Structure formats: structure tokens, C-alpha cells
Amino acid sequence: MTTQDRHSYEKTIYALASGRLPSAIAIVRVSGSKASAALESLCGRLPAPRAATLATLKTTDGNAIDESVVLWFPRPHSSTGEDVAEFQVHGGRAVISALFDALSRIDGLRPAEPGEFTRRAFENGKLDLTEAEGLDDLIHADTDQQRRQALRQLKGLLGDKAESWRKQIIGASALIEAGIDFSDEGDVPQELQAHALRKVAALKNEIDKALGASAQSERLREGLIVAIAGPPNAGKSTLLNRLARREVAIVSPHAGTTRDIIEVHLDLDGYPVTLLDTAGVRDTEDPVEQEGVRRAQQRARDADLVLWLVDASRASEKPISKRENHAPVWLVRNKLDLIQGPHASSEKHVPETSRFYISAENGEGIPELLAALMAYAQAYFGAGESALVSRERHRALLRESLDALARAERMSGQGDELIAEQLRIAAHALGRLTGRVDVEDLLDVIFREFCIGK
Ligand code: GDP
């Protein structure tokens, strides 16, 4: 930290903590050593700690700004660990701008950077890094299952686990180091080493298990990606609109109008599902359209599930084109309303698994398709229900730790120093997970993603 950084860090910060204006109530938070000065300046006195107090906020020249409920949290019993003042005012733009103007005139106060409140909480030991990430996830959770996962993390489930693993590794390491000290006493080091490595093996298992369900829980943050693909005019946009129950994609009778990808986020029984409408996959000379097609194919390749839509009224339509896709593909025959005759109707009554007959136009077959999607999401995410690992960052560090433990294990019978070094690497990776060690460079990356006022 440079002197200038330290100086700006020591400043008291303020920001709007509540949502978009205008609103019934808006909350402005102030954190830092000048929070009490802000309260005294605006309310004329310091309210009792932790008690909602009604006050008329006034500028220094005596003009009333608003009637407000104010709260005073002296450190360390506050969310950031610093002195915190909270102003609950009426959520009008002019109210907030007058309040901000008054705050900016107080010496030592400045507007907060994104994530700065949480960063201060972390630096004052109120949260570990995984909890701070959980807080961010909780704020951005759209569905019930996302909320549950974020709350588990905010409550420190992953952080506590990682910290306990780190301590156990340090314990095993201490045994080995003891062996190093006794190295001229024959069998003692061997026994100590074997004992330490038994601990390592048990830990390895635990970490491996935690990593097991990480793919699902990472997806739970982002949503399961379902691509709707198929030839032009099959009815992809129409289907997307129907599933989303609102007009999002352009529906047009001319081929190739969906030039780009349109995403719709669905909440299926608490599970987040992102539906992609891919551009009409077809050969085209138009460069704009070619780009749309390329991006569509790429996104569809990354999808967790593909709904391959075909026009059931066109007998010649090839079911699924050759595509290198690892995701399961469901064949969805659309425009069922256009098919007549006994053959078609008998066919539509024998739906096989992952084969659907629908009319995006009149809604026939849509409830069945949605039910199948919901079941798919449930089965997909169900496996990771109690998962702890929800970010790539977590997964990478746990893997780093695991790899070092595995290397230590393979060195059984070799020099204690070599094993101890691997255990140090393993413990260090876990320390970085919770932010106990070596994190300065990481902090900027993590907190930058936060909103101002958090
Ligand atoms: P996309 O190119 O695959 O996105 O296809 P669109 O959704 O733009 O649909 C192409 C045309 O097919 C439009 O005129 C739609 O109204 C029509 N269409 C879509 N679904 C159905 C359906 O279930 N039945 C009928 N009769 N027409 C449909």
C-alpha cells in the first residue's frame, strides 16, 4: 500500500446502499472515523448507539434536508468494523443529492468505490474472502436455489472448511518438521512421516469430495444454459417468446431475422435456466448474419442442453445436423398445429424421452416441454445441493492444494524437507481461498465486481 493509498483508505466513505431512485426510502451509509462527525454535523448530536432515532437533517447553514431515521454503530460492532452511520431518508433524487452535497463538505469524507464497504469489512476481519463473495452472490441471486447457495457461503461454510483443512495440513507439517529435528534418531522420523501422510490421505479425500460437485454449483450461479437451435423458420423465436411469456425475440415470417443471440433467464422451480435463441443456423453470404451464426454455434456448443427445433410440417427436414456438441440434444418438432392426418396424430401420442411435439404458436405440448426442462434442471443441480464450491477461483485453489497433497503422498519414504515443502504449498493455497495470506493483488479483482454502496 502506498502512502497515498493509505491516506485514501483512512478516509471516511459514504454511498447510497439502497436501490434505484426514486424510492420510498433510501439508505445512505457512512463508514470510517469521521462517521460520528457526519452525524453531529447533520443531526446536531450523536444518537444513542444501535437505536433508530428520528432526526431532522440540516446543512451547516441550517437548511433542513429531510426528516430521517438515523443509526449509529460505533466500531467494532458494525458491518465494516469501523464507525458506521446510517441515514434512512426519503428516496427522492434531490434529497440524496442534497445529503451527498452536505456529506462531501465534511472534512475527511469521500464517495465510496465499488465494493469498498465489504473490503473494509474483510480487512477488519468481519468476513473472510469466501464470505465476501457469498455476500455478492446473495445480492445477485435471482432464484431461490441461488439464494440458498449464496447464504451457505455467506455463513462461512466453505471458509470454515478451508480453514480447518489448512490447520490440519499445518498439523501434519509440524509432525514432519519434528521428524526433521529428530533426523539423527533412527526410526522416529519414519513413524512421524507415516503418521503425517495418513492424515494427508484423509484430507485429500475430503477436499476431493468437496470438488466433486463444483461444476453444478458454479452453474447454479450462472444458470443452466439451454440453447434453442435448428434451421431457420423452425419457430425458435416463437418458442422462446412463449417460454418466456413475453416478447423478447423478433418473430418474423422471413428466414434469418434472428441475427443475434437472445437470452432469456427463467426461474424453473428455484433453478436458474438461461435460454438462448441462436441465429437461424444456415449458410449465408451476409457478413453480419455470418457473425451471428458463428456466435450462435459457439454458444450452443457451450450449452448444457440443446433443444433442436424442426418444422414438423416439413417432411424433408433433417432431424439433427452434424454438430460437435457434447451436451444432450432434445428433438423438438414444432408446428404440430399444421400437421393433419392419422399418421401425425398417432405419432404425437407416442412421445419418446427427449422427443417433443409442440406448437409454439398455440401452446400445445409446451407444458410437457417445460416440465421436462424443470426435471432436467432439478436432476442436474440436485447432485450439487450441498456443494461448497461455487466459483472457479475456489476450484482452482482447492485443486492446487489437492495436487500438492498428492505430491507429498507420493514422496513417502523420501526426504522430510521435500514433503514439508509440498504441505506448505497445500496450506498456502487454502490460505489464499479465505484471504489469510498473500491477497493484496487478489482484493482488487474481487471487490471491483461489487456495486458501490456494498
Ligand atoms: P426461427 O427462425 O426459428 O426463429 O422461427 P420464427 O420463430 O421466426 O418463426 C418462423 C415462422 O413460423 C413465423 O411466421 C411463426 O409465426 C411461424 N411459427 C412458429 N411456430 C409455429 C407453430 O407452432 N405453428 C405455426 N403454424 N407456425 C409457427
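Restricting the first member to the range 61-75 and to residues that are within 16 Å of S36 (Cα to Cα), and the second to residues that are surrounded by fewer than 20 Cβ atoms within 10 Å (Cβ to Cβ) and charged (D, E, K, R), the beta-carbon pairs closer than 8 Å and six or more apart or on different chains are L71/R50; W72/R50; F73/R50. Looking only at residues in the range 293-332 that are more than 20 Å from L276 (Cβ to Cβ) and within 13 Å of the ligand (Cβ to nearest atom), which one is modelled with the lowest pLDDT? Only one residue tops the list, namely E317.
Residue-level check: of (1) at pLDDT 90 or above; (2) within 15 Å of the chain's Cα centre (by Cα), V200 misses just (2).
With the condition kept exactly as written, say whether any residue in the range 383-400 is small (G, A, S), assigned to a helix (DSSP H, G or I) and in contact (Cβ under 8 Å) with a residue 40 or more places away in the chain. Please lay out each step first, then the result.
First, the residues of the range 383-400 that are small (G, A, S): 383-384, 386-387, 390, 396.
Then keep just the ones that are assigned to a helix (DSSP H, G or I); that gives 396.
With the extra rule that they be in contact (Cβ under 8 Å) with a residue 40 or more places away in the chain, the set shrinks to none.
Scanning the range 383-400, I find no residue that is small (G, A, S), assigned to a helix (DSSP H, G or I) and in contact (Cβ under 8 Å) with a residue 40 or more places away in the chain, so the answer is no.
Would you check if G156 is over 29 Å from the mean Cα position of the chain (by Cα), under 24 Å from L203 (Cα atoms) and at pLDDT below 90?
Here the answer is no, as G156 does not meet what is asked.
Within the range 211-230, if we keep just the residues that are surrounded by fewer than 22 Cβ atoms within 10 Å (Cβ to Cβ) and modelled with pLDDT of 85 or more, the residue that is farthest from V389 (Cα to Cα) turns out to be I225.
Being over 30 Å from F381 (Cα atoms), in contact with a helix residue (DSSP H, G or I) (Cβ under 8 Å, 6 or more places away or on another chain) and not aliphatic (A, V, I, L, M) is the requirement here; does S104 meet it?
Values: over 30 Å from F381 (Cα atoms): yes; in contact with a helix residue (DSSP H, G or I) (Cβ under 8 Å, 6 or more places away or on another chain): no; not aliphatic (A, V, I, L, M): yes.
For S104, the condition - over 30 Å from F381 (Cα atoms), in contact with a helix residue (DSSP H, G or I) (Cβ under 8 Å, 6 or more places away or on another chain) and not aliphatic (A, V, I, L, M) - is not met.
When the residues of the range 241-263 are narrowed to those that are more than 8 Å from the ligand (Cβ to nearest atom) and at pLDDT 80 or above, which ends up surrounded by the most Cβ atoms within 10 Å (Cβ to Cβ)? Only one residue fits best here, namely L243.
Among the residues of the range 351-360, which ones are under 18 Å from A244 (Cβ atoms) and at pLDDT below 90?
First, the residues of the range 351-360 that are under 18 Å from A244 (Cβ atoms): 356, 358-360.
The answer is F356, and nothing else.
Of everything in the range 44-71, what is closer than 18 Å to V95 by Cβ and either among the aliphatic types (A, V, I, L, M) or touching a His at 6+ places or on another chain (Cβ under 9 Å) (or both)? Give them in sequence order. Result: L54, A55, L57, A64, I65, D66, E67, S68, V69, V70, L71.
The values are calculated or read from the model by the stated rules, or taken from the named source; none is laboratory data. Bear in mind that the values here come from a model prediction, so they are computed numbers and not experimental data. Cβ atoms come from the backbone with ideal geometry, glycine included; neighbour counts cover every protein chain shown.
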